[in-house]
Structure formats: C-alpha cells, structure tokens
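Undergrad: Okay, here's the structure, questions in a sec.
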Amino acid sequence: MTATGMAAVGVGAVAMRPAFAQSQATLSTRWDKTFPKSDKVDHKKVTFKNRYGITLAGDLYQPKNPSGKLPAIAVGGPFGAVKEQSSGLYAQTMAERGFVALAFDASYTGESGGEPRNVASPDINTEDFSAAVDCLGLQPHVDRERIGIIGVCGWGGMALNAAAVDKRVKAVVASTMYDMTRVMSKGYNDSVTLAQRTQTLEQLSRQRWKDADSGASAYQPPYNDLNGGEAQFLVEYHDYYRTPRGYHPRAVNSGNAWTVTTPLSFMNMPILTYIKEISPRPILLVHGEKAHSRYFSETAYAAAAEPKELVIVPGANHVDLYDRKDRIPFDKLTAFFKQHLA
C-alpha cells in the first residue's frame with residue numbers, strides 16, 4: 001500500500017484518469033504473473049460473485065493429482081496490487097505445499113468487476129474474502145471445514161476483519177499487515193490531528209460535488225512515482241511496483257491510482273474493532289524487523305486474544321514480504337496451516 005495520496009496526508013492534486021474495465025469474457029489466458037510458473041501445481045482462472053453481486057476474478061492453484069479433500073487458503077493483497085503479484089506468489093507457493101489456494105482481485109480492481117474502477121471499501125473488501133471462501137468451498141477437492149486465509153499488507157487487516165465475522169475461516173495469517181482504516185483516518189503512527197482530519201473530510205466532501213457535477217470519479221495522481229527526496233519506504237514501494245520486479249499494468253500501485261474519494265468509507269469504520277472474536281481460532285502475524293509498518297502488527301497482536309503469534313523476520317522491510325521467498329517464512333506458514341487446518 002502507498003498512502004501518500006490518501007487521506008492520511010491529504011487529498012493532493014486531482015487527476016482525471018481513464019478507467020480500466022476488464023471484460024469477464026476476456027480474462028487473460030497467458031501467464032502474466034510477476035513470478036515464474038511452478039511445474040508442481042495446476043493453475044486455472046476462475047470467476048465468482050460476492051454478496052453484492054460483483055464478479056471477482058481469481059487464480060486457483062492446486063497440487064497436481066490431488067487425492068481426496070484438501071485444506072484450502074484464500075489469499076488477498078497487497079492493497080492496490082493484483083493477483084498476478086504478491087498474492088499469487090503466496091497462493092502458488094502454498095499449493096506447492098499441499099493446499100488448494102486462491103489468489104483473487106478485489107472488487108473494482110484488476111480483472112474483477114465493479115464500477116468505477118480502482119475504488120476500495122472496508123466492507124466490500126472484507127466481503128471479497130468471504131466470497132473467496134465461498135469459491136473454495138465449491139471446489140471438488142476442498143474440505144469446507146479446513147479453509148484458512150492469508151492477507152498481505154492492507155489486506156492483512158481485511159483478513160483479520162473477515163475472520164472475525166466469518167466463522168468458516170479456521171485460521172488466519174496477516175503478513176506485513178496494514179490496518180487501512182487506521183492509517184487513512186489517523187495517518188502514520190496516529191499522527192493526524194483532529195483539525196487535519198476535519199480538513200481532509202472537508203476536501204473529500206467537496207470532491208463529491210465535483211464528481212457529481214462531472215458524472216465521473218476523479219482519480220489521484222499516479223501511484224509510486226518518485227520525484228526525489230521521498231522517505232525510504234516510498235522508495236521501496238517504487239522498487240516493487242514500478243520496476244520489472246513487481247510491475248503489473250492492472251495494479252493500482254503500478255502507476256495507476258485510486259479514486260480521490262476512496263478514503264471516505266475508511267475514515268470512520270475501524271476494521272479491527274472485533275479482533276478478539278477471532279479466538280479460539282488462531283492468528284499468525286508476520287512482519288519485517290525493519291518495516292515502517294511493523295507497529296500495525298504489534299498493536300493488532302496486543303489487541304487479539306489467544307491463540308496468537310507474532311513472527312518478526314530479522315532484517316526484512318515492508319515489501320520484502322511481498323515477494324522475497326528467502327524472507328517470507330513459508331515454512332512457518334505451512335506448519336501453521338497444517339496444524340490448524342488438520
């Protein structure tokens with residue numbers, strides 16, 4: 001996630017950007033991921049609807065020649081990414097380790113449906129996770145009683161929120177987690193004052209008039225451009241989203257943008273209010289030692305009830321846990337899900 005254009009730091013310049021709509025009949029059939037295709041798993045594209053009737057697109061990975069009913073994992077994130085990036089890597093890797101895994105695009109983004117393009121909602125995006133659980137439960141080789149979820153970055157918070165409300169989820173992992181409602185409403189390290197918050201809401205409210213007058217949503221400036229002098233974590237985002245390492249043309253964070261008014265629904269809807277209600281189902285929080293966002297996982301861990309675990313990866317920054325397979329503790333994730341989806 002990059003919050004520089006979000007409410008945490010003000011609305012910023014308004015740019016009208018062309019909408020991108022992917023027809024469900026023309027889902028990409030080529031391998032357009034940011035990671036190599038594994039010869040250890042089978043892969044196929046799937047579509048499914050959430051509770052609001054929005055058609056979501058996903059990549060389903062499963063072990064070759066599956067026998068019987070298997071445990072399954074839905075994977076989402078990061079916030080502003082697409083399934084061809086980090087979530088797909090997580091899903092494919094977990095499929096190599098014996099799970100059926102589904103990486104999916106959030107509503108209004110990537111190959112999923114919804115208009116306008118590139119808008120987010122804490123409610124609808126939480127629902128997207130439950131819809132992914134629906135989809136997994138309909139697969140012939142999935143045991144409905146053994147489904148877990150993984151949320152990466154801003155979708156770590158969505159995963160925790162989904163697990164709290166959806167009791168079908170038996171175990172949840174949040175990796176390099178952001179609480180998007182917290183950062184948009186309070187800024188980094190909760191630094192936004194009431195006066196600043198009020199000013200942002202005034203700007204966003206006025207923007208609604210502009211959108212209503214024009215009949216179309218305005219978009220923020222392109223995400224993850226560098227002009228010099230940015231904080232190190234913004235340089236790290238650029239290194240992932242805007243270079244061959246992680247660039248994908250459909251990703252909001254790869255030079256596209258959210259609508260200007262996207263932060264509105266995040267400003268007064270704290271998604272981790274009911275984190276204690278995940279218990280007695282287990283939580284695993286994974287974060288990098290050097291990540292600017294580490295405090296999100298630490299405070300979520302403090303607020304959660306047992307059973308819970310916080311793993312700090314030595315030397316890792318925030319985006320290392322997007323795609324660095326030597327940093328992402330896949331052995332730990334595998335052991336966690338094998339235990340709790342047994």
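Undergrad: For region 105-237, what's the radius of gyration and Dmax over Cα atoms, in angstrom?
TA: Both quantities, over Cα of region 105-237: 18.0, 54 Å.
Undergrad: Then there's this: Please work out the C-alpha center-to-center distance from region 69-147 to region 184-255 and express it in whole Å.
TA: About 24 Å separates the Cα centre of region 69-147 from the one of region 184-255.
Undergrad: In debye, nearest 20: dipole of region 145-268 around its Cα centre with unit charges on the Cβ of K, R (+) and D, E (-)? Show your work: numbers first, answer last.
TA: Numbers: 13 positive and 11 negative charges, 79 e Å.
That gives a dipole near 380 debye.
Undergrad: Identify the trypsin sites (Lys or Arg not before Pro) of region 62-115 meeting these criteria: DSSP loop state and at most 11 other C-beta atoms within 10 Å of the C-beta.
TA: Passing both the DSSP loop test and the Cβ count: Lys64.
Undergrad: Only helical DSSP H runs with n ≥ 4 go in: add -39500 (n - 2.57) per run for the chain, normalise by residue count and round the 222 nm mean residue ellipticity to 500 deg cm²/dmol.
TA: -9000 deg cm²/dmol
Undergrad: Treating only the Cβ atoms of Lys and Arg (+1) and Asp and Glu (-1) as charged, compute the dipole magnitude of the chain about its Cα centre; round to the nearest 20 debye. Intermediate values should be presented prior to the final figure.
TA: Details: 38 positive and 34 negative charges, 113 e Å.
Magnitude of the dipole: close to 540 debye.
Undergrad: Would you calculate the volume per residue, in Å³, of the smallest convex hull containing every Cα atom of the chain? Present the calculation step by step, with values, prior to reporting the outcome.
TA: Working: hull volume 42.5 nm³, N = 342.
It comes to 124 Å³ per residue, whole-number rounded.
Undergrad: Now, a different point. Could you tell me how many degrees, from 0 to 90 and to the nearest 10, lie between the Cα long axis of helix 154-165 and the main elongation axis, the longest principal axis, of the Cα atoms of the chain?
TA: Once rounded, the angle reads 60 degrees.
Undergrad: What is the set of long-range amide H partners of Val313 at a cut-off below 5 Å, with H atoms built 1.01 Å from backbone N?
TA: Result for Val313 returns His287, Gly288, Glu289.
Undergrad: Still on this model: If you roll a 1.4 angstrom probe over the protein chains with everything in place, what fraction of the accessible area of the chain belongs to carbon and sulfur, to the nearest %?
TA: For the chain, the apolar C and S fraction of the accessible surface comes to 52 percent.
Undergrad: Find how much the distance from Lys37 to Trp209 grows on full extension, using 0.36 nm per residue of separation minus their present alpha carbon separation; answer in nm with one decimal.
TA: 57.3 nm
Undergrad: Further question on the same structure: With axes computed from alpha carbons, what is the tilt in degrees of helix 122-137 against the longest principal axis of the chain, rounded to the nearest 10 within 0 to 90?
TA: Tilt relative to the chain: about 20 degrees.
Undergrad: Across region 38-47, in residue order, what do the Karplus-derived ³J(HN,Hα) couplings come to in whole Hz, using 6.51 cos²θ - 1.76 cosθ + 1.60 with θ = phi - 60° and x for Gly and Pro?
TA: Karplus values, whole Hz, x for Gly and Pro: 7, 8, 9, 9, 9, 9, 8, 7, 9, 10.
Undergrad: Something else about it: Going down the list Lys64/Lys170; Lys186/Lys332; Lys83/Lys170, which pairs span over 29 Å between their C-alpha atoms?
TA: As for pairs spanning more than 29 Å Cα to Cα, those are Lys186/Lys332.
Undergrad: Measure of size requested: the Rg and Dmax of region 157-201, with Cα atoms as the atom set and Å as the unit; please supply both.
TA: Radius of gyration, then largest Cα-Cα span, for region 157-201: 14.1, 41 Å.
Undergrad: A further question follows. Can you find, among Met184, Gln203, Cys135, the residue farthest towards the positive end of the dipole of region 105-261? Put +1 on the C-beta of Lys and Arg, -1 on that of Asp and Glu.
TA: The residue sitting most towards the positive pole is Met184.
Undergrad: Report, to two decimal places, the Cα Rg of region 239-333 normalised by 2.2 N^0.38 Å (N = number of residues).
TA: Ratio of Rg to 2.2 N^0.38 Å for region 239-333: 1.29.
Undergrad: Highest first, please rank the peptides 87-95, 180-188, 318-326 by the mean number of other Cβ atoms sitting within 10 Å of their residues.
TA: 87-95, 180-188, 318-326
Undergrad: Taking the chain as the reference, fit the longest principal axis to its C-alpha atoms, fit the long axis of helix 194-214 to the helix C-alpha atoms, and give the angle between the two in degrees, 0 to 90, nearest 10.
TA: The angle comes out at about 90 degrees.
Undergrad: Further, regarding this structure: Mind checking the per residue accessible area of the chain for me, 1.4 Å probe, whole number of Å²? Working shown, then result.
TA: Working: 13640 Å² over 342 residues.
For the chain, the per-residue accessible area is 40 Å².
Undergrad: Output the relative contact order of the chain, whole-number percent, from Cα pairs under 8 angstrom with separation of 6+ residues.
TA: 20 percent
Undergrad: Quick check of the Kirkwood formula: for region 33-171, what is the inverse mean of 1/r over all pairs of different Cα atoms, in Å?
TA: It is 14.4 Å.
The values are calculated or read from the model by the stated rules, or taken from the named source; none is laboratory data. Everything numeric here is computed off the predicted structure, so don't read it as measured data. Glycine gets a Cβ as well: all are built from the backbone with ideal geometry, and neighbour counts include every protein chain shown. The protein model used for the area step is the full one, side chains on, heavy atoms only, and it has no ligands, DNA or RNA in it. Shrake-Rupley method; radii C 1.70, N 1.55, O 1.52, S 1.80 Å.
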